[in-house]
Structures are given as structure tokens and as C-alpha cells.
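Report on one structure; see the data block that follows.
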Amino acid sequence: MSAGRPDDGFNDGAATPGGPSPSAPAPPPAPDQAPLLELEQVHAAYGPFRALFGVSIAVPRKSVVALLGPNGAGKSTVARVVTGLVPVSSGRVRFDGRDVTDVRTYQRARLGIAYAPEGRSVFSTLTVEENLALPARSDRGRAATAAALEKAFQAFPQLAARRRQRAGTLSGGEQRMLSLASVLVEPPLLLVVDELSLGLAAVVIDSVFQTLAAIRDAGTSLLIVEQHVDRALSLADHVVLLSKGEVVRQGPVDEMRALATSLPGM
Amino acid sequence: MSQFLIYAIPGLPYGCVFALVGVCLVLTYQTSGMFNLAFGAQAYVSAVIFYTTVEDHHWPLWLAAVFSVLVVGPLLGIALDRLLYRYMRASTTTVKLITAIGLSIGVPSIVDFFFGSSEKLNPPSIAPHAAHTYHLGSYYLDGNGLFTVVVTVVLVVGLGLLFRFTAVGLRMRAVVESPRMVQLAGISSERVSMLAWILSSMITALAGLMLAPIYHDVDVNNFNLVLVTSIAAAAIGGMSNLPLTLAGGLLLGVGQQVLAGYLPLNSILAEGLRPSFPFIVLVAVLLLSPAVRRGRSAPDPLSGCDPPPPPLAASLRGAGLDRVSRVGLPVFVVAVMYVTLFQLSEHYLGLMTEVAIYSIIFLSFTVVTGFSGQISLCQMTFAGFGAFTAGQLATDHGWPFLVAMVAGGFVAAVCGAVVALPALRLGGLYLALATLAFAVMADEFLFPLNDIGGGEAGVDVPRPVLGPIDFGADRSFFLLCFAILVLVSFVVILIRKGTIGTYLAAMRGSEVAASSIGINLTRAKITVFALSAGIAGIGGALLASQVQHADSESFVYQYSLVFVVLVLTTGARTVEGAINASLAYVAIPEILSHFGTLSVLEFALFGFGTIAYVKHPEGILEFQKRSSIRKFNQLRARMKHRQDRPLIHGDDSGPGGAESGGRAPGIAGEVAGLSGAGDVGD
Ligand SMILES: Nc1ncnc2c1ncn2[C@@H]1O[C@H](COP(=O)(O)OP(=O)(O)OP(=O)(O)O)[C@@H](O)[C@H]1O
Ligand SMILES: [Mg+2]
């Protein structure tokens with residue numbers, strides 16, 4: 001995957017937050033050239049508290065986009081908007097050629113959007129195995145589920161030893177591994193990972209990044225939020241800089257490297 | 001041992017039903033967050049339909065049973081889930097509880113409207129050989145009992161297998177923890193919850209069919225009593241553990257029978273034990289069970305997606321409007337007084353007196369629910385304690401009534417403090433359930449006692465006499481009640497503006513923050529609970545004094561349920577809200593009584609008022625007032641060409657949300673729906 005083709009849906013200039021409404025969207029390009037995921041002038045809020053102000057982001061097919069920004073910039077909110085957990089107050093979300101703005105979270109998941117939220121996002125009362133079995137599609141039968149489980153245990157051998165243990169009793173890092181493992185059970189079209197490396201040991205982070213590179217090569221696009229800018233940049237093709245709910249800059253990783261590392265608060 | 005079994009075995013069917021209902025409660029509570037206090041109503045629907053189809057339409061038993069258990073039950077569950085519960089996932093505990101109570105009041109009233117409210121005695125049993133007695137050595141069980149035991153065993157084992165080993169069961173367990181994470185796995189959490197509702201509605205319907213023959217009557221009250229015991233079973237299971245709930249149910253059913261068997265026949269203890277058992281067990285669980293004291297163990301990891309609960313709003317009313325109401329209110333009051341005293345007939349004078357008295361009782365809800373966000377389901381029981389104390393003291397001991405009334409209020413307050421003590425720290429749901437169990441215990445055991453409620457004959461309660469003034473005449477009694485109402489209103493306002501009110505306001509914002517600055521939450525809550533019980537006690541004494549009589553039927557728990565729904569739907573935070581609720585309570589039956597059969601629907605009207613409550617948890621009245629204030633302010637702003645609209649969006653984002661600016665949000669989610677207005681000035 002070459003970084004930074006000029007024609008893959010990124011505009012290099014700063015976004016125009018709060019500017020004129022997204023009046024004339026460009027005519028939809030041919031399906032396989034169109035980005036896999038596209039946010040267009042997305043505004044989002046938590047009740048009365050506004051978090052995103054006209055964010056436009058695109059994730060091209062088979063590429064990795066890193067979402068960077070200081071604390072409270074709205075990175076997690078972008079991830080939640082993509083998965084439908086937080087509704088947009090205006091703007092559109094397009095995925096794989098269709099408008100998913102009003103599509104429910106579980107339907108988006110079926111369309112191929114997987115999401116590993118930040119923190120210990122596991123079902124703490126279920127066992128490790130049950131946590132992994134839940135997302136496995138029931139229509140594929142037990143054998144396929146078992147195979148998917150084995151794959152997950154291969155990626156995270158530490159979990160294999162604890163397959164019948166309740167997830168709530170795992171250590172913080174193990175829980176983090178489990179939530180990553182459960183999104184990888186079924187390779188999605190788009191994988192959104194929030195705070196990828198938080199709470200993981202350096203060795204584990206390395207292997208996670210290897211796994212991510214592997215599934216990227218297998219055809220999955222990634223949208224990752226990562227505090228370790230260097231690591232993020234090593235995997236990413238594109239970088240989006242977010243601050244105070246607005247896109248400050250976005251572009252191919254080469255152009256963004258200097259800027260991203262010098263940004264205050266990161 | 002054999003003696004024990006002779007007592008224990010007849011308790012088994014009861015225990016099984018308690019267990020089954022307890023399991024249903026846990027199932028729906030866990031998968032949808034609704035504690036189904038409408039169980040009795042749901043069971044009633046199926047039992048009545050079964051009864052009617054068999055007795056009136058001569059359907060074969062099996063067909064009627066299949067129809068009412070497999071068709072009516074699930075349909076009702078689906079309807080409730082789709083039309084109501086689905087939209088309440090994010091609502092507060094209070095809203096959910098009140099909605100369920102509203103249904104438990106409204107649904108039976110609708111059923112009676114369609115199927116007639118005549119007694120439905122000796123319902124047929126669905127058990128094969130129901131009347132046959134099965135002997136096992138010297139122990140025996142009748143066919144219906146045996147059937148109940150077998151069905152329970154089959155169902156519970158089936159449910160256990162479903163939960164443990166199937167994909168659906170796995171999803172149900174997962175939804176418990178986080179519906180959103182289930183969605184992320186590509187599964188419709190709503191469908192899972194609906195499935196749980198269907199399942200539990202079927203079991204509920206079946207329980208209704210099995211229970212009716214045990215009581216020889218299809219009566220919603222029996223179902224509600226079973227519900228109360230099952231609540232205790234669910235509490236033993238910590239509201240989450242199915243095997244423990246099962247064990248709890250069996251223990252309660254068998255325990256009641258065994259204890260009643262060993263105690264001397266017809267003694268007070270034997271009589272009182274059965275109805276008191278749920279309350280005693282519930283209190284014991286609240287005090288002792290570590291699982292319950294810990295509360296819900298696993299919080300939703302994705303709760304960060306929710307906006308914070310609405311912050312406390314400052315006074316919403318402009319000074320202009322305040323001035324208008326300061327002049328307007330006295331004028332209005334004087335006008336009402338004049339008309340009531342000099343224009344109305346005896347009948348309407350009596351009704352107006354009732355309005356004043358019920359307003360006093362309803363103000364007790366304002367204090368406990370409106371100010372401190374707790375739900376009490378036994379305010380009428382406190383009113384009863386007030387009335388009986390006042391009556392006994394005045395009639396038997398010759399105390400002046402007004403003094404006796406105050407003493408009644410005091411006794412009620414003490415009762416309130418005692419009841420609230422074990423449950424207060426746990427808050428919301430547990431307090432509501434404990435008060436409900438207490439109300440049932442009082443109705444069934446305490447109030448019928450000679451020393452409290454005067455037994456069969458009841459207690460005579462005189463009209464007050466104050467020195468030379470005799471309030472025996474209706475007009476003067478009305479004046480007295482009105483004066484007391486004014487007095488109590490001032491007390492209520494003082495509570496809100498005083499130290500306790502400030503504490504409570506802080507507490508509603510954030511319990512953690514409030515306790516961190518040294519506010520003793522438990523003491524504040526208990527004080528408020530006791531005050532509220534005291535106000536209810538005074539109201540109860542007046543209520544009894546109006547008709548000069550009170551007996552154990554005068555203060556049954558059903559009143560408390562209706563009242564809590566009524567007051568919360570009209571607006572629990574203001575004196576005005578309580579008075580309006582009281583007006584509605586007195587006026588609506590009066591109006592309906594002119595329409596013959598429609599009067600059955602009175603409770604349906606009150607009950608389904610809760611649907612409005614779901615949308616406007618601050619109360620209909622409060623909502624109307626606020627939206628008119630908002631419009632008024634907008635109009636004024638437009639006239640002044642000022643652009644001082646707050647820089648946050650959200651036009652109607654819940655109580656106090658939009659108006660409050662970007663103030664720091666509180667942490668406490670529990671009472672979010674109630675945490676809006678520190679309420680308009682008066
Ligand atoms: N549940 C919520 N309710 C209200 N406001 C919220 C909520 N969650 C986030 N916000 C606000 O939205 C803004 C963006 O938050 P977000 O979590 O998206 O930031 P972030 O970029 O992920 O920060 P971090 O790097 O610390 O994770 C912040 O100002 C935050 O205060
Ligand atoms: Mg974040």
C-alpha cells in the first residue's frame with residue numbers, strides 16, 4: 001500500500017469547519033475508487049454538549065488512517081459516530097458506497113464496521129471464550145466459530161490459557177487484548193480502534209501492530225486513534241489532525257509527519 | 001422431620017410460583033432494565049381471558065390455555081416492549097418504576113372494562129387431574145399443586161439450559177451488561193430484549209393460570225401479593241442470580257407454611273407472619289446480602305457515549321412572571337375560597353375539602369420524591385398510621401383531635417424513618433420495593449389488628465374542636481383543612497429553601513460531590529423521608545376525620561400506587577403540582593360518574609398518564625409551565641433584539657437541559673429525570 005496517492009479522497013488544505021453548509025457534494029465517483037468510509041461535514045453532540053463541528057474525513061479502501069489530536073479533541077467521538085453509537089446532529093456518513101447516517105449500530109456492524117472502544121470494553125460476566133463467540137456470526141455454524149476462536153488465540157496466546165475464565169477477572173492488559181481479539185475474530189471491512197496501545201506492554205503493542213498490518217494487507221481498512229504518534233505514523237498511510245472538534249489538517253503521512261510530531265499537547 | 005415435611009410440602013407450589021415469578025422479574029430487569037411491577041396486571045390479563053373463554057365461551061381447556069399463554073401473553077409482552085419499554089432504556093429508575101406502576105393500575109382497569117368487574121370465582125385449573133390428591137407416604141399434594149411444581153422444575157431447568165448453552169442465552173447474558181457492545185457485535189440488542197420480554201410474558205401468563213385456582217379466584221390483588229413475595233425472592237438472588245432467586249422463592253413459599261404450622265394456631269404471630277414475610281426477608285437481604293449492597297456489579301463499558309444527566313437548573317422564571325404570580329395567586333385563592341364557602345352545595349363543599357386533604361397527602365410525595373428523588377410506595381400506609389393514632393388517642397384517650405393529629409404525624413414519621421433506614425443507602429429500586437412490601441405487611445397484618453386499626457369495626461375519628469370553635473360543620477372543617485394545607489405548603493417550601501433542601505439539591509447534582517464536601521447524605525435522606533411520612537400522617541388523620549371513621553381498608557397499598565403515579569405525572573416538585581394532582585384525583589371520578597360504565601376507566605386514566613410521564617419526567621404541569629416560560633422569554637428577547645441565546649444547541653433536551661447553559665454536569669445518573677429544576681420561585 002503506497003502512502004499518499006493524491007487522488008484518494010483527501011484534500012490537503014485545512015477543513016472548513018463551521019463554514020458554509022455542505023451544499024454541493026461532488027458527484028459520487030465509481031464505487032471502487034470511492035473511499036470506504038466518508039464523513040461529510042459531521043456535527044455531533046452529547047445532549048447539549050457539542051463535540052464535533054463539521055468534520056470531514058475519508059478512509060480510502062485498504063489503507064490505514066491515523067486520527068491524532070490532543071485530549072478532548074473529539075477522536076473518540078469520531079469513532080463513535082462512525083459506529084453509530086453517537087448520532088450525528090448534521091452531516092452524512094457514507095460507508096462502502098451507501099449512506100449509513102441513519103443505519104443502526106448493529107446493522108453497521110453487519111455491513112463490516114468493527115470497533116474496539118477505548119478501555120476495558122469486554123463483557124466482564126462472560127468467559128473469554130463467550131466474549132469471542134458472541135460476534136462470530138451464528139449462521140456459520142460451530143466449526144467456523146471454533147476456527148475463528150483458534151485464530152484469536154493464536155494472535156493473543158496469553159488469552160488461550162484463560163479461555164474459561166470470566167473476562168472481568170482478567171488483568172487490564174488482558175482485557176484490552178480480549179477486546180482487540182474479539183474485533184479480529186471476523187476480519188471486517190473497516191476496523192476502528194480507539195486508544196490502540198493504552199495499557200499494553202511494549203512487546204504486546206509490537207505484536208498488535210504486526211497483526212494490524214497483516215489484516216490491512218488482507219484487505220481491511222483501519223481507522224486508529226493512537227497516542228504514540230511514532231507508532232501510529234509507522235503504520236498509517238494518512239493522518240488526520242483533530243483539535244477542538246475540528247479537522248486541523250489532514251493528508252498523506254509523509255507530508256504530515258513533521259507537523260504531527262511537533263503538535264503541542266500530544 | 002416428618003412433621004416438618006407435612007408443613008413444607010403444601011408450601012412447595014407456592015414456593016414454585018414465587019420462584020418462577022422471581023425468575024421472570026430478574027430476567028426482564030437484567031435484559032431491559034425494567035423492574036416489572038406490572039407483573040400482576042399481565043398475569044391478570046391472561047387469567048381473565050382464560051377464565052372468560054372457558055366459562056363464557058366454553059372453549060376446551062387446552063385451547064383456552066394455549067391461547068392465553070402462548071398468544072395473549074407474548075402479544076402483550078411484545079406490545080409493551082414495542083410501544084413503551086423500548087423508548088425507556090435510557091430513562092431513570094424513577095421513570096421506569098412509575099411507568100410499570102402506572103401499567104399495573106391501568107391495565108386491570110381496562111380488562112375490567114371489557115370483561116366486566118364481577119367476581120370470577122373458582123377458575124378452572126389447567127392441571128390434569130387437578131382435584132386428585134396425590135399421596136406419597138403420609139404426605140399429599142393436590143393435582144394443581146403437583147402440576148405447578150412440575151412445570152416450575154421444567155421451566156427453570158429449560159431456562160438454565162437456554163442461558164448456559166445457546167446462542168440466544170449468551171446474547172441475553174451479554175445484553176445485561178451492555179446493549180451497545182452487543183450491537184457492536186452485529187446483534188440487535190432490542191430483539192434480544194424483546195425475546196426476553198416474550199419469554200417472561202409467557203411465563204407470567206402461565207403463572208397467572210396456575211395461581212388463580214390456588215386462590216379460588218381471579219383477582220389482580222392476589223397476583224400483586226405474589227409479586228411482592230417474588231420481589232423478596234429476586235432480592236435474595238441479588239436481582240441477577242437465577243439459581244439463588246429460585247432457591248429464594250422456594251424458601252419463601254415453604255418457610256411461610258412451615259412457620260405458620262409451628263406457631264400456635266390463630267395467634268397474632270401465625271396470622272401476621274405470612275403477609276410480613278416478604279418485608280422481613282427483603283429487609284434482611286438489604287441489610288445482610290453483600291451482593292445487593294454492592295449494587296450492580298458490571299457497569300456498561302460504553303456508558304461514555306451517553307450525555308451526562310441534566311444539571312440542576314437555576315430559577316427559570318423571569319422576575320416579571322414572578323411578580324404576576326405573586327399578585328395572581330392570592331387573588332385566585334381568595335376567589336376559590338369565596339366560591340367554595342358561599343356558593344357551593346354540601347356535596348361540592350365535601351369534594352373541595354377532599355381536595356385540600358389529598359393535597360396535604362400529595363405534598364408528602366413532593367417532599368420525598370420531588371426534593372430527594374426517592375420513591376416511596378407506602379405513603380398511604382403512613383397516612384394510615386397517622387389516622388389510627390389520631391383516632392385512638394382522640395376517641396379512647398380523650399386527647400384533643402388536633403393534638404392527636406400531630407401525634408399521628410409524629411408516629412408516622414417514626415415509622416417512615418424505620419422503614420427507610422435499611423433501604424435508603426441502596427436508593428431507587430430497593431427503597432421502592434421495600435416500601436411496597438411494608439405497605440402490604442401493614443394492609444394484611446398491622447392495620448387489621450385491634451390495637452392499631454380497631455379490627456373489624458375500625459376506629460372512630462372525631463372532627464376537631466379547638467377551644468370554643470367546633471369544626472364539626474362541613475364549612476368550618478373545610479376552612480381548617482385549608483389552613484393546614486397552607487401551613488404544610490409553607491413547611492414544604494421551607495424544607496426546600498432550608499438546609500435540608502440545599503443538601504438535597506446538592507445531592508441530586510452529584511451524590512459523590514455532595515458527600516465529599518461533608519454532607520451527611522443518609523441523615524438528610526432519612527430526615528426527608530420521615531418529614532414526608534409525617535406530612536402524610538397528618539393528611540391521613542384529616543382524611544379520617546372528614547368521614548369520622550377509618551378502618552383497615554381505608555389505606556390499602558393500591559392508593560399509594562395510584563397517588564405516586566398521579567403526583568409524579570402532574571409534577572412532583574411544586575406545591576402547585578400536588579394541588580393539581582389532588583384536583584384531578586377528586587374531579588375525574590366525579591366527572592366519570594356521570595358516564596355510567598365509563599367510571600371503571602378512572603384508574604386506566606391515571607395509570608396511562610404515565611405515558612406522558614415518560615416524555616416529561618418533570619411532570620406535565622412543569623413541562624407546560626416551562627414551555628410557556630420559554631416562549632415568553634423568546635418573545636421578549638425578540639422584542640428587545642437581543643441575541644443572548646445560549647451557545648449550546650438542543651431545543652428540548654430534557655428537563656433543564658437547554659436552559660441551563662454549559663454548567664458542570666453532575667455525576668449522579670440515578671435521579672437525572674428528577675434533577676432538573678431547583679424549581680421555580682414562589
Ligand atoms: N459522554 C459525554 N458527554 C458529554 N461530553 C462528552 C462526552 N464524551 C465526550 N465529551 C466531550 O466531547 C469532547 C470530545 O471528547 P472525545 O472523547 O471525543 O475526545 P478524545 O479526542 O477522544 O480525547 P482523549 O484523547 O482524551 O480520549 C470533549 O470535550 C469531551 O468533554
Ligand atoms: Mg478518546
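Couple of notes before you dig in:
- Counting, for every residue in A:110-121, the Cβ atoms of other protein chains within 10 Å of its Cβ and taking the mean gives 3.
- The interface between chain A and chain B buries about 2700 Å² of solvent-accessible area in total (1.4 Å probe, ligands and nucleic acids excluded).
- For segment B:327-618, the normalised intensity computed at q = 0.08, 0.09, 0.10 Å⁻¹ comes to -0.33, -0.42, -0.52 (log10 of I(q)/I(0), Debye sum over alpha carbons, equal scatterers, no solvent).
- Bridge type composition, the protein assembly as shown - antiparallel percent by DSSP, nearest 5: 65
- A convex hull fitted to the Cα coordinates of the protein assembly as shown yields 200 cubic angstrom per residue.
- Segment A:226-241 - phi-based ³J(HN,Hα) in whole Hz, Karplus 6.51/-1.76/1.60, Gly and Pro as x: 8, 7, 6, 4, 4, 4, 4, 5, 5, 9, 6, 9, 9, 10, 10, 9
- Volume of the Cα convex hull of chain B, divided per residue and given in Å³: 173
- About its Cα centre, the protein assembly as shown has a charge dipole of approximately 2460 debye under the convention of +1 per Lys or Arg Cβ and -1 per Asp or Glu Cβ, with nothing else charged.
- Estimated FRET transfer efficiency (B:Val150, B:Val66; beta-carbon r; R0 22 Å; 0.05): 0.80
- Close amide H pairs (under 5 Å, H built 1.01 Å from N) link A:Leu222 with A:Ser63, A:Val64, A:Val65, A:Leu191, residues at least 5 positions away or on another chain.
- Across the accessible surface of segment B:414-554, with the other protein chains kept in place and a 1.4 Å probe, carbon and sulfur atoms take up 65 percent.
- Size of charge dipole - segment B:327-618 - debye, nearest 20, with Cβ of Lys, Arg +1 and Asp, Glu -1, no other charges: 1240
- Near B:Leu211: Cβ cut-off under 12 Å, other residues only, Lys/Arg at +1 and Asp/Glu at -1. The net charge is -2.
- Counting charges near B:Val459 (Lys, Arg +1; Asp, Glu -1) among other residues having Cβ under 10 Å from its Cβ returns a value of -3.
- Here B:Lys525 is the anchor, and the lysines within straight C-alpha reach of less than 28 Å, apart from those fewer than 8 places off in the same chain, are B:Lys96, B:Lys497, B:Lys615.
- Using only side-chain charges placed at the Cβ, +1 for Lys and Arg and -1 for Asp and Glu, the dipole size of chain B relative to its Cα centre rounds to 2940 debye.
- Sparsely packed loop sites in segment A:146-237 (the trypsin sites (Lys or Arg not before Pro) outside DSSP H, G, I, E and B with at most 10 other Cβ atoms within 10 Å) comprise A:Arg164.
- In chain B, the DSSP-assigned H stretches of four residues or longer account for a calculated mean residue ellipticity at 222 nm of -22500 deg cm²/dmol, using -39500 (n - 2.57) per stretch and the full residue count as denominator.
- Net charge contributed by nearby residues that have their C-beta within less than 12 Å of A:Ala51 (K/R +1, D/E -1): +3
- Translational D in µm²/s for segment B:452-512 (Stokes-Einstein at 10 °C, 1.306 mPa s, Kirkwood Rh from C-alpha pairs): 105
The values are calculated or read from the model by the stated rules, or taken from the named source; none is laboratory data. Source: prediction; values computed, not measured. Don't worry about glycine lacking a Cβ; one is built from the backbone with ideal geometry, like all the others, and counts go over all protein chains shown. We work out accessible area using only protein heavy atoms, side chains counted, and drop any ligands, DNA or RNA first. Shrake-Rupley method; radii C 1.70, N 1.55, O 1.52, S 1.80 Å.
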